[in-house]
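> Can you keep this structure in mind? I'll have questions shortly.
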């Protein structure tokens, strides 16, 4: 298996558009829920075990070849916020563009044709991982790591947080990322027999509310 492909896909410098998004951290900073490394860790932990788990399971199922249309519908059902649904599709469109340029294949072409306005980012991530020769666990790891690394990186900019402290947060969460990724991959493996309803549906209401508030701001540093 081309393990280096996982490093490329998970690299923050991969041109998938994630650098422009804070994963809810900007709204949380404004609301006073993130003020330092400790509160950042709490925020990232909550995100990992809710939306992070959901996204990782969707990515794992897509990497295993589950129907992208069914997975996209499942992602919609698990994303109450219209703002977050729009963000997920924009990120999916950008990731698909990067993936087709990096690992061109018929599956990615078909996904682009089926979703001209973009599929949800975790679904695209799973198909891109599949095109890169990666498996369900790889896709789940990439998605779970993104769910915490995005907010951590954004908070360095938002609070002028010491980047060493932000890296420490990610290291302390590493064991939990492992567990979430493995649980997500297992859920993805059940989809062929049990359908998309078997996928996790953990919710994070504050992230949803924060996304709607953030979308109405006239001035902001991040797109979401």
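> Among the residues of the range 17-41, which ones are farther than 17 Å from residue 209 by Cα and either crowded, with 23+ Cβ neighbours inside 10 Å or under 18 Å from the mean Cα position of the chain (by Cα) (or both)?
17, 18, 19, 20, 40, 41
> Same structure, new question: Kindly list the number of the only condition in (1) in contact with a helix residue (DSSP H, G or I) (Cβ under 9 Å, 6 or more places away or on another chain); (2) surrounded by fewer than 23 Cβ atoms within 10 Å (Cβ to Cβ); (3) closer than 14 Å to residue 128 by Cβ that fails for residue 63.
Of the numbered conditions (1) in contact with a helix residue (DSSP H, G or I) (Cβ under 9 Å, 6 or more places away or on another chain); (2) surrounded by fewer than 23 Cβ atoms within 10 Å (Cβ to Cβ); (3) closer than 14 Å to residue 128 by Cβ, the odd one out for residue 63 is (2).
> Looking at the range 156-189 only, could you name the residues that are under 12 Å from residue 44 (Cβ atoms), in contact (Cβ under 8 Å) with a residue 40 or more places away in the chain and either out of contact with any helix residue (DSSP H, G or I) (no Cβ under 7 Å at 6 or more places or on another chain) or surrounded by fewer than 16 Cβ atoms within 10 Å (Cβ to Cβ) (or both)?
Passing the criteria: 168, 172.
> When the residues of the range 1-16 are filtered to those that are part of a helix (DSSP H, G or I) and in contact with a helix residue (DSSP H, G or I) (Cβ under 6 Å, 6 or more places away or on another chain), which remaining residue is surrounded by the most Cβ atoms within 10 Å (Cβ to Cβ)?
Checking each candidate, the answer is 9.
> Something else: (1) without any contact (Cβ under 8 Å) to a residue 60 or more places away in the chain; (2) buried (at least 23 other Cβ atoms within 10 Å of the Cβ): which one isn't true of residue 138, the others all being true?
Status for residue 138: all satisfied but (1).
> Looking at the range 143-224, what helices (runs of 4 or more DSSP H) fall wholly within it and have at least 3 residues that are more than 15 Å from residue 25 (Cβ to Cβ), within 14 Å of the chain's Cα centre (by Cα) and at pLDDT 95 or above?
Here the list reads 174-194.
The values are calculated or read from the model by the stated rules, or taken from the named source; none is laboratory data. None of these values were measured; they are calculated from a predicted model. Virtual Cβ from ideal backbone geometry, glycine too; neighbours counted across all protein chains shown.
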